[in-house]
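The values are calculated or read from the model by the stated rules, or taken from the named source; none is laboratory data. Predicted model only: the values in this text are computed from it and were never measured. Because the Cβ atoms are built from the backbone with ideal geometry, glycine has one as well, and the counts that use them run over all protein chains shown.
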Amino acid sequence: MKVFYYLLASLIFIQSCKKADPVIPVQQELITTIIFELIPQNGGPSVTMSFQDLDGDGGLQPTITGGVLAANTAYFGKLTLLNESALPVDSTNKDILEENLAHQFFFKASNGLDLSVIYDDFDDNNQPIGLSNTVETGVPSSGKLTVTLRHEPNKSGTGVSTGDITNAGGETDIEVDFDVQIK
Amino acid sequence: MREEKRILKSTLMCKSNKIFLTLFLIFLSCSKLFAQECNLTLKGQVMDESTNTPLSFATIFLENKEKGFSADENGVFEINKLCADSTHLRISHISCETQTEYLVIKRDTTVVFFLHHHEELMNEVIVHGDKGEVSTQTSVTIDHDLIQKSSNKNLADILENIAGVSALRTGSGISKPIVDGMYGNRIAILNNGIAQAGQQWGNDHAPEIDPFVADHISVVKGVSALAYNGNSLGAIILVEPDDIKKEPHLHGNINYIFQSNGLGNTLNGSVQQDKKLLSWRFTGTLKGIGDLRAPDYFLTNTGKKEADFAAQFERKINTQWKAKIFLSSFNTRLGILKGSQIGNLTDLNQAFTRSEPFYTEPNFTYKIESPAQQVNHQLVKLTADYNYSKESKLEFTYSGQLNARKEFDVRRGGRSNIPALSLNQYTHFGDVANNYTFKNGGFLKSGIQVNYVNNTNNPETGILPLIPDYIGLKSSVYSFYQLDNNKFFYEAGARYDHQYLNVVEISRTLANTIDRFTHNFNNYSFSSGIKYQNKYLKWSLNAGYALRSPEINELYSFGLHQGVSSLEIGNNQLQTEKSLKITTGIDLTFNNKLFVQFLGYIQEINDYIFLRPQLEPQLTIRGAFPVFIYDQTKAGIEGIDLLVSLEPVKKFRLIGKMALLKGENKSDNIPLVYMPPANFTLSGNLALADLGILKSNSINLNMKTVAKQRNLLPDQDFLATPAGYTILNFNYDSQFSLKGKLVKMSLKCENLLNKNYRDYLDRQRYYADAMGINFSLWLNYKF
């Protein structure tokens, strides 16, 4: 019986009761930052809106910067997705372009905000992606512009290719609201 | 010539430990052997194990003569003109489990066989065989045939046959048991006496046990539960293989189950032999099930692949020492409904409105893609029993477990093959227990236990882990005393656990620092009970006070749970839960015609740990998520379980089961979540006459009704609780002889009317209907 005790005791104490330091995983897939750069097609000051949440889900609240756009103006829109928790800073744009069939952005202006977005880039099946786009503003107004990125959407669903998210399905990778004013 | 009488008592439960406990060989006289004359007589009687009444017209089949004999209406049989020989006997009776026995006939012999009649009347002493495993509190057991018949399913699905047990599901493939409102961390599951170690904290983590290994599965409540390691506030579920049968020949079993829904194939085989040097048994199981189907569509990506293996060795070293080794390996890959992979609340709300889940494919496939789980669980158990005196026995146990769990999500950038969660857990457990039987029949069991857990996240995921790395060390002592005093049975016991946790957490701050925490918890449990028993009535009363320390997920989880779209945050300030539970049980038996079992319980839990929804959602790049933080409250759970078994006319039996339960968060005056709604089962079983070669025929029609869970506020769930439902199941059982060997079969149809329904306790209900009609065929060949 004693032998058994010793065996047991040694077994337990061979294992330290202090857990070793974990290896911190490299969070390659994380998207911390989305930058929406808008350059007027006929010259003028460009506008940059952004959403930044460096510590990922939970923790600190994200920093969101909206934008003030000129009325009745067409802008070249360019979306940049970054993982700023990685060093060097990693761009998610290349993942999206590589898997272009499995990604699509959707843009929705809240009621009252007079703004529309047109796709300028297309996937291998000639369906829209949305990293490059044209933003056209109308009369002065204000509201929210919601930018959504869907992973594995049904791109052939009714209205999806024209930017209607209703039948897109898929999994949401990004859903951020920007406060927009049109002056 | 003088005659030798031999009385052999045997049960029909395929449990050799029981058989040999109840096996009495009484040599009344001796005689000289005149074997060559072939004029020996085998006489005997077939009796009902639970009621001690004769079983009329039972059949006794002698394998060496390939001939069957029938008993008379008093279960008495006499077979003459036998030669001295050894033979296997098969004893069968309508609605009984057929029993095989090995008999050496050298002289005129008299035998009494005790057959197991029907499961509701199963005698605890016979099931558990041993003192210290019987308790004052009602414990319910599922027997061998039912386990084998339904082992294409999960353990929790099989347990649902017991009144008061429900299953918490993630689709049809993943389920864990809920007993009297307790689940997850609050109940312990013991595989062959060893607390199943694994990441049991997740509601989508099913216990990694192959039910085929079990001879019987029981739900044990009461004092004897104190002997088991496990942080339990409620019941203990025992999955137990039986001892290897004392049979010198090689014997085995082959089971095959086909299921039409999911075109599933389950194959299981086991072989065993009792040799002087070593008794051994090997069991192996293979399962392959494809996409299941709801009545209107395929449940895409709900297939399952499983390969399990177990080995058991027993050796009686001398009259004092006995050693056993048990090894098991459980390996599975499970698909999770593709349409339940969602990113945020918008997706979830959209999923609710769909008539069929997103990503539903029009065709069936066996392929399993992300989201999926891959689980490997290895167990080794060594036990040695030392009978150092007539009254005392020491039991030494060591067990080691290794649990590797990987969960795969649909990920971006070709990462779907990299797990999103990858955990390795190993456990060492040691137990020394002393059994002592007093002169007055009292029984004292005392023991000490040490349990070491080491849980490590694999950084391959590229995701900050949901559960931190940790080491847990638990040291325990326990003791309980039982006294069987004629009609009364008393018991009382106590247990103390010291739980130490050493946790290393990766902080969620920008710099990702490593933070260290230690916890020390002291858990005390006390339990006592009394039972009165006579021919018609069994009444028991049991009271228990138990403490449960918070588990790692309750203290430290941080992250999004896939498929539920909420942020779950641990709370490392949590205190131990304190539970007081009073249970009373009444069993009434009338003449084997009527059997009533009632169980009522009231449980008060102080500092009940639960997920409290927060007012402010958390804003993330994927949108806003509801936040749940672990918190404590005063909770109360009360309920009743009822079983009525009635034989109104011969060969026909009606069985009704009911479970009612209410759980309240008493501090906030709101209901508890995930409490099983009221459920009822009514089944009729009709034994039929033999049809040609088909013997022991019976049909069973079963109706299961689950009511809507009304005891929940609308803001406690993402969606209103689903409507109640009723489903019908049909079963036909039979057996026949194939070249002198017994083949059992069962044809089953579940959800006979192919009804669309969703179950409150199934987390897949947000996305899809439950499984539709399913035919299955079970074949069992014994050799």
Considering only segment B:207-292, give the strands (runs of 3 or more DSSP E) lying wholly within it that have at least 1 residues that are touching a Phe, Trp or Tyr at 6+ places or on another chain (Cβ under 6 Å) and either hydrophobic (A, V, I, L, M, F, W, C) or surrounded by fewer than 21 Cβ atoms within 10 Å (Cβ to Cβ) (or both).
-> B:236-240, B:251-259, B:264-274, B:279-289
Enumeration of residues in segment B:479-513 that are part of a strand (DSSP E or B) and within 14 Å of another protein chain (Cβ to nearest Cβ) = B:His498, B:Gln499, B:Tyr500, B:Leu501, B:Asn502, B:Val503, B:Val504, B:Glu505, B:Ile506
Could you tell me which of the residues B:Tyr388, B:Tyr436, B:Tyr452 is touching a Leu at 6+ places or on another chain (Cβ under 9 Å) and in a loop (DSSP other than H, G, I, E, B)?
-> B:Tyr388
Scan segment B:396-420 residue by residue and report those that are free of Cβ contacts under 8 Å to residues at least 60 places away in the same chain, within 11 Å of chain A (Cβ to nearest Cβ) and assigned to a strand (DSSP E or B).
-> B:Phe396, B:Tyr398, B:Gly400
Restricting the search to segment B:514-555, which residues are within 12 Å of chain A (Cβ to nearest Cβ) and in a helix (DSSP H, G or I)?
-> B:Ile552
May I ask you to say which residue of A:Asp95, A:Asp173, A:Asp164 is buried (at least 19 other Cβ atoms within 10 Å of the Cβ) and either modelled with pLDDT of 90 or more or more than 22 Å from B:Gln350 (Cβ to Cβ) (or both)?
-> A:Asp95
Count - residues of segment B:533-592 that are at positive phi and within 27 Å of the chain's Cα centre (by Cα) | 2
Taking segment A:50-69 only, how many residues are of a type in the set (A, V, I, L, M, F, W, C) and facing chain B (nearest Cβ under 7 Å)?
-> 2
Answer with yes or no whether B:Gly198 is under 20 Å from B:Thr397 (Cα atoms), touching a residue at least 24 places away in the same chain (Cβ under 8 Å) and either outside the structural domain of B:Thr427 (by TED's automatic domain parsing) or surrounded by fewer than 24 Cβ atoms within 10 Å (Cβ to Cβ) (or both).
-> yes
Looking only at segment B:451-476, which residues are farther than 21 Å from B:Arg415 by Cα, within 7 Å of another protein chain (Cβ to nearest Cβ) and surrounded by 20 or more Cβ atoms within 10 Å (Cβ to Cβ)?
-> B:Tyr452, B:Asn454, B:Asp469, B:Tyr470, B:Ile471
What number of residues within segment A:14-40 satisfy the criterion of being exposed (fewer than 13 other Cβ atoms within 10 Å of the Cβ) and more than 7 Å from every other protein chain (Cβ to nearest Cβ)?
-> 3
Report yes if some residue within segment B:634-642 is away from every other protein chain (no Cβ under 14 Å), of a type outside the set (Val, Ile, Thr) and closer than 30 Å to B:Leu686 by Cβ; otherwise report no.
-> yes
Residues of segment B:136-182 that turn out to be among the polar types (S, T, N, Q) and without any contact (Cβ under 8 Å) to a residue 60 or more places away in the chain, as a count = 3
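One line per residue, one yes/no per condition, for (1) closer than 22 Å to B:Lys650 by Cα; (2) in contact with a Pro (Cβ under 8 Å, 6 or more places away or on another chain); (3) without any contact (Cβ under 8 Å) to a residue 12 or more places away in the chain:
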site	(1), (2), (3)
B:Lys67	no, no, yes
B:Ser70	yes, no, no
B:Ile79	no, no, no
B:Leu89	no, no, no
B:Thr98	yes, no, no
B:Val104	no, no, no
B:Val112	no, no, no
